[in-house]
Amino acid sequence: MLSSSTKRNAQRDSQSGGSSTTQSAGARLDLARFDGNRDPAPGPAPQLVEGISNNVKNIDVGAAMWSDARGARHAFQGRQPPSKLGREVNIRLNAFPVTGLPTKPIYQYQVMVGTGAEKRGLIKAVWNSKATKEQLGNGWIFDGNSLAWSQQDRDGETRFNVNLDNEQGRTARPGRTDVHRVVIRKTATIDFTCLDAYLRGTADYDKKILQAITVLDHIMRETPSSRFISIKRSFFAANSQRRPLGGHVEHTTGVYQSLRIAHHPAGHRLVVNADVANGTFWSAGPLSAAVLAVTRLRTEAEIGMLLRPGNLKFNDLRRLRKLRVVATHRRGASDDYVIDQFMNKDSSYMLTFKDGSTMSVAQYFQTEHNVRLRYPAWPVVRMTKKAVLPLELLKIKENQRYTFKLDEVQTSAMIKLAVTPPRERWQAIQNGVNMINWAADPFLKEYGMSIQATPIEPKARLLQNPKLQFGGTGAAAQADPKTSGRWDLKGKKFSSVPPAAAQTTWGVCVLPGRGPVDKAAVERFVQGFITAYGAHGAALTPAMRAPAIYYAPNSEPATIAKECFKMAGNKHNMRPQILMFILQDKNSITYGRIKRYCECNIGLPSQCVQMAHVQKGQAQYISNVLMKFNAKLGGYTNTAFSSDANKKGHLENNTVIIGADVSHAAPGLPGPSMAAMTVSMNPQATRYAAAVETNGHRVEMITDENIEKHMMSLVKNGWSAKVGQGKAPTTVVYFRDGVSEGQFAQVIDQEVAAMKRAFTKVGVKPKFLVIIASKRHHVRFFPQSGGDKNANALPGTLVETGVTQPFENDFYLCAHTAIKGTARPVHYNILLNEPQWPNDRIHTLIYDHSYQYIRATTPVSIFPAVYYAHIASLRGAHHSKGFGQPFDDQRTVVSSIEPVYEPLFPMANPAVMNPGMWFI
């Protein structure tokens, strides 16, 4: 048997990861991954331009500079004259001007620690060591990777070693050293006169501009990064108030800040976009509590059951990997660890020591630490340093970010905490600015950079609301310019309803509940639904007025859909046009399987409603459902057009609108990405067809195959037949959602290029208007004149200066009214404008069409084509062959790099489904 000290040393050795000096040498590969998505590209992966920090993603410098950061300069549509539409209003933005730039040169250095392949944690420890401070002195700024900046001018190379054993006051282990070489070499001199001249418009762009802005970003981040918890662009105080979200997760607020270059009529300038940051963190405390939360167990007594064969909940413990934990089994000391994995073993797991002897985990802690385990049947945990420890002795350390998607309960709690009205949000922004305290920042002072704490208040435009045209009225109803942006369907007829000649029949399926079904309520609802549809303009045939009602004996989605389809068809001896399902709860799996069977097996649109609403039978709810029901049968709710006859808000018959979006699996899950494209199906662009398909794993750019197969099919079989009178479009308006500035060039070079090739194959070369629509930003409007009752910006508020790009064509438009919280405007970037549409026409098109969203009685925040694409991409998950199974079961081919996924189930009857807007 080993002596106590020998075993302690053996266990301690097994807990260490060994010296980093044993790692294999190799050059650092700093891939230019700015967005987390792995887009395929021919040839080698794009590299950063030399001398530009990887943290360039923390700044908003416009699409052209982003493409320059990737090593390829790309020209985009230039800024256009300001809009004259509507009337002028005063807006406060959560943006603050940079009022002072460094006047002295700053020197940039390449930093290499060890071989240049060390992990970031080690690099950080070496940089923050006393030895480094003694060698370099104060005032240095480091990007955490390979670049540093200083006002010191050091020629040649600076070389020294850092002994982390000495730094941490520990004795070096025999045969292992923790000594690391540091080499620092000057690579550039940053002179800010070039940036100043560029902002004044007296100098052309040069990569030194981007280098200068990158340096300023790091100067601005240096102090808060050392004082607060830093997560990308956001900072959180370690002692901030935490509120539980459930599942051992808590919420806190901090401050977000991002440096950006902005358009200003009196001279372009740098601004800091400051906003509220909402963070989610693991709750500190016993690791066992987190185990209960992630596995959804009720009591600690059930934790041991996780080790039973076939218990799938054990896999949920993977969420706890990489968490930092502390163990206090050694008296008077605490040991920090990082979880590598939960082992499918209890404390009887045998440890093997260097002399070949063995001892169980339980015996080891009893013998060495006089700790008798209370829960020997619980799993043991392996650490990254190879130590194996009992679960019950571990505690989660505080301030660790929760990186997974929140569940429904957590999301609901998060919304209640994060969604605040404008006045509260502005106060929180001011609190965050005070927390950062630019005026007292020592690095800002030392480098000569200053930021004004007074917000920017540019002039905005309030566009006039469009007129809404409903059916049967013979005239358009003018929306009140002071309206809150909502209207009522009471007494209004839909602009378009399916003609009686095109009607067949439909069916209603009622899923079983825990108790007896209220059949009387169901029949009242169905009759009320039919009556309301007639009041909204539908001339219903006798068959449509007498649908079959099927009370399902079980809740198996495919079976009940099949039986309802048969009953509805047999009752009137004709194929149904649509099925309605009355659900007892909000079970997403049941909903998804119903949709998949209807859309992919029988080729029929479906409408789901909740029994709770059926029992109430409220007229407004019925009208809201009817908007979707009518759209699936081929109709639409209303049209909108600008009241200014001199501004074209309508489309010619040679113009098609295409929308696109790609959705991804939640972080950490290997599910397929879903690419969806929508195509306008009538001259008013109130109706859209949609196609969705898998798009690789976390690949944002839509593949050429998906574009040619699905987009061209929708254009040829839909738009050309219904709008173009058999001809191809001569103008394509392409709205793209979900891409960052760093991907704008790829949209043009990959997606638009693929579309042009596809059109060329059918003998046409349409002109493209390409617009990116993004809600992933932190710009908010705080009106100083006007505003709604909650102090939100009114629908139609347009901002073209203050936070927009000075040399690119972009604008922010708030087209909607926020029901809760502070309205988030949409950021539109016009990348390509081959038809040479003026901006006023584009503004009018976007704002007018926001009133045409087919299932709402309010303008929507984002252009409908994009909104529909987003809905269709989410629906794509239901068409997956692995829907309802763990994502790993959807993987069909596993390579050493990425999983490959099968295509989705095809639509059973696309000729019927697409005119019916099946995805609504």
| note | Only one of VAL182, VAL215 is assigned to a helix (DSSP H, G or I) and more than 30 Å from THR411 (Cβ to Cβ), namely VAL215
| request: All but one of (1) over 27 Å from LEU136 (Cα atoms); (2) assigned to a loop (DSSP other than H, G, I, E, B); (3) in contact (Cβ under 8 Å) with a residue 40 or more places away in the chain hold for ALA75, so report the exception by its number. | output: (3)
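The rows are residues; the columns are (1) touching a helix residue (DSSP H, G or I) at 6+ places or on another chain (Cβ under 6 Å); (2) not assigned by TED's automatic domain parsing to the domain that holds VAL294.
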{"position": "PHE365", "(1), (2)": "no, no"}
{"position": "HIS369", "(1), (2)": "no, no"}
{"position": "TRP378", "(1), (2)": "yes, no"}
{"position": "ALA413", "(1), (2)": "no, yes"}
{"position": "VAL419", "(1), (2)": "no, yes"}
| task | Sort out which residues of the stretch 584-594 are more than 20 Å from PHE529 (Cβ to Cβ) and either surrounded by 18 or more Cβ atoms within 10 Å (Cβ to Cβ) or not aliphatic (A, V, I, L, M) (or both), and write them in order of number. | result | ASP585, LYS586, ASN587, SER588, THR590, GLY592, ARG593
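Suppose we keep only residues that are among the aromatic types (Phe, Trp, Tyr) and in a strand (DSSP E or B) within the stretch 138-175. Which one would you say is farthest from LYS119 (Cα to Cα)?
First pass over the stretch 138-175, keeping only residues among the aromatic types (Phe, Trp, Tyr): 140, 142, 149, 160.
Pick out the ones that are also in a strand (DSSP E or B) and you get 142, 149, 160.
On the way: PHE142: 15, TRP149: 21, PHE160: 19 Å.
Per the criteria, the residue is TRP149.
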| note | Per the filter on the stretch 160-179, residues free of Cβ contacts under 8 Å to residues at least 60 places away in the same chain and of a type in the set (A, V, I, L, M, F, W, C) are PHE160, VAL162, LEU164, ALA172
| remark: Considering the stretch 394-412, residues that are at pLDDT below 95 and of a type in the set (A, V, I, L, M), and then whichever is nearest to ALA666 (Cα to Cα), we arrive at LEU406
| task | Could you give me the residue pairs with C-beta distances under 6 Å whose first residue belongs to the stretch 84-111 and is under 19 Å from ALA791 (Cβ atoms) and at pLDDT 95 or above, whose second residue is of a type in the set (Phe, Trp, Tyr) and part of a strand (DSSP E or B) wherever it lies, and which are 6+ apart or on separate chains? | result | ILE91/PHE781; ARG92/PHE782
| field | Exclusive hit being modelled with pLDDT of 95 or more, among the hydroxyl-bearing types (Ser, Thr, Tyr) and farther than 27 Å from PRO783 by Cα, set THR505, THR454 | value | THR505
| request: Working only within the stretch 668-696, note down all residues that are closer than 23 Å to GLU741 by Cβ and in a loop (DSSP other than H, G, I, E, B). | output: SER673, ASN695, GLY696
| How many residues are in a helix (DSSP H, G or I) and either under 26 Å from PHE470 (Cα atoms) or out of contact with any helix residue (DSSP H, G or I) (no Cβ under 6 Å at 6 or more places or on another chain) (or both) if we restrict to the stretch 851-878? | 14
| task | Considering only residues that are farther than 25 Å from ALA631 by Cα and touching a helix residue (DSSP H, G or I) at 6+ places or on another chain (Cβ under 9 Å), look in the stretch 688-704 and name the one that is surrounded by the fewest Cβ atoms within 10 Å (Cβ to Cβ). | result | ASP704
| Given (1) surrounded by 22 or more Cβ atoms within 10 Å (Cβ to Cβ); (2) of a type outside the set (Asp, Glu); (3) in contact with a helix residue (DSSP H, G or I) (Cβ under 8 Å, 6 or more places away or on another chain), index of the condition THR223 fails | (1)
| request: Might you check whether a residue that is aliphatic (A, V, I, L, M), within 17 Å of ASP737 (Cβ to Cβ) and touching a residue at least 40 places away in the same chain (Cβ under 8 Å) occurs anywhere in the stretch 787-795? | output: no
| note | Within the stretch 171-202, residues under 25 Å from HIS268 (Cα atoms) and charged (D, E, K, R) come out as ASP191, ASP196, ARG200
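Report yes if some residue within the stretch 567-583 is on the phi > 0 side of the Ramachandran plot and surrounded by 15 or more Cβ atoms within 10 Å (Cβ to Cβ); otherwise report no.
So in the stretch 567-583, the residues on the phi > 0 side of the Ramachandran plot come out as 573.
Subsequent filtering for residues that are surrounded by 15 or more Cβ atoms within 10 Å (Cβ to Cβ) retains none.
The answer is no, given that none of the residues of the stretch 567-583 is on the phi > 0 side of the Ramachandran plot and surrounded by 15 or more Cβ atoms within 10 Å (Cβ to Cβ).
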| query | Which of the residues spanning the stretch 238-262 are surrounded by fewer than 20 Cβ atoms within 10 Å (Cβ to Cβ), touching a residue at least 24 places away in the same chain (Cβ under 8 Å) and out of contact with any strand residue (DSSP E or B) (no Cβ under 8 Å at 6 or more places or on another chain)? | reply | GLY246
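For the stretch 755-772, what are the residues that are touching a helix residue (DSSP H, G or I) at 6+ places or on another chain (Cβ under 9 Å), of a type outside the set (Val, Ile, Thr) and farther than 22 Å from PHE744 by Cβ?
LYS761, LYS765
Specify the residue that is farthest from PHE96 (Cα to Cα); the eligible residues are those in the stretch 787-821 that are outside any loop (DSSP other than H, G, I, E, B) and of a type in the set (Val, Ile, Thr).
The residue in question is THR797.
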| message | Considering only residues that are closer than 22 Å to LYS416 by Cβ, part of a loop (DSSP other than H, G, I, E, B) and modelled with pLDDT of 95 or more, which ones fall in the stretch 222-241? | response | ALA237
| note | Within the stretch 348-407, residues being in contact with a Pro (Cβ under 6 Å, 6 or more places away or on another chain) and free of Cβ contacts under 8 Å to residues at least 24 places away in the same chain number 0
| note | Within the stretch 153-175, the residues that are surrounded by 14 or more Cβ atoms within 10 Å (Cβ to Cβ) and either under 38 Å from the mean Cα position of the chain (by Cα) or not hydrophobic (A, V, I, L, M, F, W, C) (or both) are THR158, ASN163, ASP165, ASN166, GLU167, ARG173
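Can you list the strands (runs of 3 or more DSSP E) lying wholly within the stretch 565-667 that have 3 or more residues being in the same structural domain as ILE549 (by TED's automatic domain parsing)?
Working: elements: 576-583, 606-610, 639-641, 655-663.
By residue number, 576-583, 606-610.
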| query | Do you know which residues across the stretch 303-329 are touching a helix residue (DSSP H, G or I) at 6+ places or on another chain (Cβ under 8 Å) and over 22 Å from ALA387 (Cβ atoms)? | reply | ASN311, LYS313, ASP316
| task | Find the residue count for the stretch 322-336, including only residues that are surrounded by 12 or more Cβ atoms within 10 Å (Cβ to Cβ) and assigned to a strand (DSSP E or B). | result | 5
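The values are calculated or read from the model by the stated rules, or taken from the named source; none is laboratory data. What you see is a predicted model, and the numbers here were worked out from it, not measured in a lab. Don't worry about glycine lacking a Cβ; one is built from the backbone with ideal geometry, like all the others, and counts go over all protein chains shown.
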